[in-house]
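Worksheet for the structure shown next.
Quick note: the coordinates plus some simple rules give every number you see, no bench work behind them. Just so it is clear, the model here is predicted, and its values are computed rather than measured. Cβ placement follows ideal geometry from the backbone for every residue including glycine, while neighbour counts extend to all protein chains displayed.
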Amino acid sequence: MAYIRLHNLTPETAGMLLAVRKGKGWTLSRAAEAVDCDLSFIWRLEHSQAAPSVAMATDIVFAYQLNRDQARILMSESVPGVGRSKSSRRKAAAERQEA
């Protein structure tokens, strides 16, 4: 029987994301829109029930405007090789430059 390792943010990192979101006055819905993901994923991150892929973490860093220390912590807990293959924000920016 194969076991799948589940990755979850630490409670400290989850709490940091929650505090940043609330500090911006954002609802879960607004945060999900800014990051371009499901509202339930933001909730799961904030409750240590998930961890973002590297690309998703990058999107969160930019959408939440995390400072260097916050970004470093989140990126260190992101999961490589899963989820989005490329940051949607970087892709959208590249497409705008090409237009």
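Brief remarks on what is shown
- For region 1-70, trypsin sites (Lys or Arg not before Pro) meeting the loop criterion (DSSP other than H, G, I, E, B) and having at most 14 other Cβ atoms within 10 Å: R5, K24.
- Point-to-point label distance, D38-K24, nm (Cα→Cβ direction, 7 Å offset): 2.1
- Charge tally for K22 (other residues, Cβ to Cβ under 13 Å; Lys, Arg +1; Asp, Glu -1): +2.
- Förster-model FRET efficiency, 25 Å R0, Q49 and D69, C-beta, rounded to 0.05: 0.60
- Sorting the segments 72-79, 51-58 by their mean number of nearby beta carbons within 10 angstrom, highest to lowest, gives 51-58, 72-79.
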